Amino acid sequence: MQVAGKNILVVGLARSGVAAAEFLAARGARVTVNDAKPESELKDAHSLRAKGIEVVGGSHPRELFETSDLIVVSPGVPLALEPFKLAQAAGVPIIGEVELAARFLRGRLVGITGSNGKTTTTTLVGELLKDAGLPTQVGGNIGTPLISLVETSTEDSVTVVELSSFQLEAVEQLHINVALLLNITPDHLDRYDSMEDYAAAKANIFRHQTANDVAVLNADNDWAMREGEKSAARRICFSRLKELEEGVFLRGEQIIERSKNGERVLLNCADIPLPGDHNVENVMAALAAGLACGASPNSMRQTVRNFKGVEHRLEFVAEIHGVKFFNDSKATNVDAAIKCLEAFAGGVIVILGGKDKGGDYAPLASLVRERCEHVILIGAAADKIGAALENTKPLHRAVTMPDAVKLGLELGRPGDVVLLAPACASFDMFDNYEHRGKVFKDAVRSLTGGR
């Protein structure tokens, strides 16, 4: 792909937008970056200008979109915006940062998407492949923009990338050698018109696969199986709930791989250090990906045993007077919060709330009755969640995260768990879920030593 001398517009100045702009400018493109935020709120504006990149903030000028040779859109910017429609009418191609990166990356690409479990599975796959001796790098939605990994990719390397539905919207040639679809459950319905539209965005991970590639699918999730039919690749299914004729499945406390060559035990569940049935599913998916890339079961078994999980995913923070605090700020939808609650037998004081994403909170009710002692509501969605959980367990309100943490400790008894599992986005009160999780952890640690 030739970019030198072309007028390229990068829309959205989050991490991936900044990385894409710098990448393009370094290759001789005439780059303009554009963001709806005023320039005073764009912290990278000065450094980008120092690299010869024009910065336009505060609006989306029509002429920028109609006269560019190419538009690169950041995942946080909806393609439904009117300026993109004008660009399409003018014949201007529009791609995402992931698509841009894919046109320059070398080596094999392992892509992981799903409503829940992406970050844990991506991290684990990266470690499985590294420990198996494969030159491996990890990026994407997990934190490092994929475009930033282009320079370090080689013909022999494997790039493991976490892919959100937003990142998969604007792909044209993205070719994933090993594609994992972990699950599809209701999420981001504030951005998509329907579950079908949301699922279709996820299914773009399969669009350019061939018979030489591999698709890893969750056999227990109907949406995943349905969308997986769009792939031309060889399929490896995994299941926690049933035995499969071929694939990776759970039998008792053992994870089994069954193929035409017979069966073999990949792992005992006792070797998985992470709590929760959902983490058994994440491990099964990661093992299937590792096998597809050539990692040995023996190597992967040891890696799983040593795996510590990821920050903000059922992360133990501290124990204060017998009350344990867990941070799952990454639980940004209802299904993720359900999986968190399922990881504990009872005695849970759950902190829920944030920016609503159009989800239905009613599915939380039965688990709240069964496993929770109290519910603490915060953020913009507090009233909506409270209405869905009325007549379950006592509902409490907190204005700030530190208030919620302090209240959790006051309500808790020895043996109880205070769990941050918001079931919402973070943008009403925080920069992102990482920021929310950090504030939670800081608040817990500030209480260490006394109620």
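The values are calculated or read from the model by the stated rules, or taken from the named source; none is laboratory data. In this text, all values refer to a predicted model and were calculated from it rather than measured experimentally. Positions of Cβ are generated from backbone atoms using ideal geometry, with glycine treated the same way; all protein chains shown enter the neighbour counts. Each accessible area value is taken on the protein alone, full model and side chains, heavy atoms only, with ligands, DNA and RNA left out. Shrake-Rupley method; radii C 1.70, N 1.55, O 1.52, S 1.80 Å.
The set of residues in the stretch 98-121 that are open to solvent by less than 10 Å² (accessible area, probe 1.4 Å) and charged (D, E, K, R) contains only Glu99.
Across the stretch 186-199, the qualifying residues are those that are more than 19 Å from Leu81 (Cβ to Cβ) and touching a residue at least 24 places away in the same chain (Cβ under 8 Å), and the one among them that is surrounded by the fewest Cβ atoms within 10 Å (Cβ to Cβ) is Met195.
For the stretch 305-339, the set of residues classified as among the aliphatic types (A, V, I, L, M) and either out of contact with any Ser or Thr (no Cβ under 7 Å at 6 or more places or on another chain) or open to solvent by less than 20 Å² (accessible area, probe 1.4 Å) (or both) consists of Leu314, Val317, Ala318, Ile320, Val323, Ala331, Val334, Ala336, Ala337, Ile338, listed by residue number. When Leu163, Leu124 are screened for being modelled with pLDDT of 95 or more, closer than 24 Å to Leu13 by Cα and crowded, with 24+ Cβ neighbours inside 10 Å, only Leu163 passes. If the requirement is being assigned to a loop (DSSP other than H, G, I, E, B) and either farther than 18 Å from Val92 by Cα or out of contact with any Asp or Glu (no Cβ under 8 Å at 6 or more places or on another chain) (or both), which of these qualifies: Leu24, Leu13, Leu9? Selected residue: Leu13, the only one of Leu24, Leu13, Leu9 that is assigned to a loop (DSSP other than H, G, I, E, B) and either farther than 18 Å from Val92 by Cα or out of contact with any Asp or Glu (no Cβ under 8 Å at 6 or more places or on another chain) (or both). Applying a threshold of 6 Å to beta carbon distances and a minimum spacing of six or more residues, or different chains, the list of pairs starting in the stretch 262-276 at a residue that is at negative phi and ending at one that is of a type in the set (Gly, Ala, Ser) and assigned to a loop (DSSP other than H, G, I, E, B) reads Leu274/Gly309; Pro275/Ala343.
Identify all residues within the stretch 346-403 that are touching a Ser or Thr at 6+ places or on another chain (Cβ under 9 Å), open to solvent by 50 Å² or more (accessible area, probe 1.4 Å) and not charged (D, E, K, R); write none if there are none. Selection gives Ser366, Pro402.
When the stretch 338-357 is examined, which residues are found to be among the aliphatic types (A, V, I, L, M), more than 19 Å from Gly415 (Cα to Cα) and touching a strand residue (DSSP E or B) at 6+ places or on another chain (Cβ under 7 Å)? Leu352, the sole residue that qualifies.
Residue pairs whose Cβ atoms lie under 7 Å apart, sitting 6 or more positions apart in sequence or on different chains, and linking a residue in the stretch 138-160 that is over 22 Å from Ala26 (Cα atoms) to a partner that is of a type in the set (Ser, Thr, Tyr) and modelled with pLDDT under 95, are Asn141/Ser164; Ile142/Thr119.
Got at least one residue in the stretch 190-204 being in a loop (DSSP other than H, G, I, E, B), within 18 Å of His278 (Cβ to Cβ) and at pLDDT 95 or above? Within the stretch 190-204 (the criterion being in a loop (DSSP other than H, G, I, E, B), within 18 Å of His278 (Cβ to Cβ) and at pLDDT 95 or above), the answer is no, since none of the residues qualifies. Based on what the data block shows, is Lys438 within 25 Å of Gly117 (Cβ to Cβ), open to solvent by 70 Å² or more (accessible area, probe 1.4 Å) and not in a loop (DSSP other than H, G, I, E, B)? Answer is yes for this residue.
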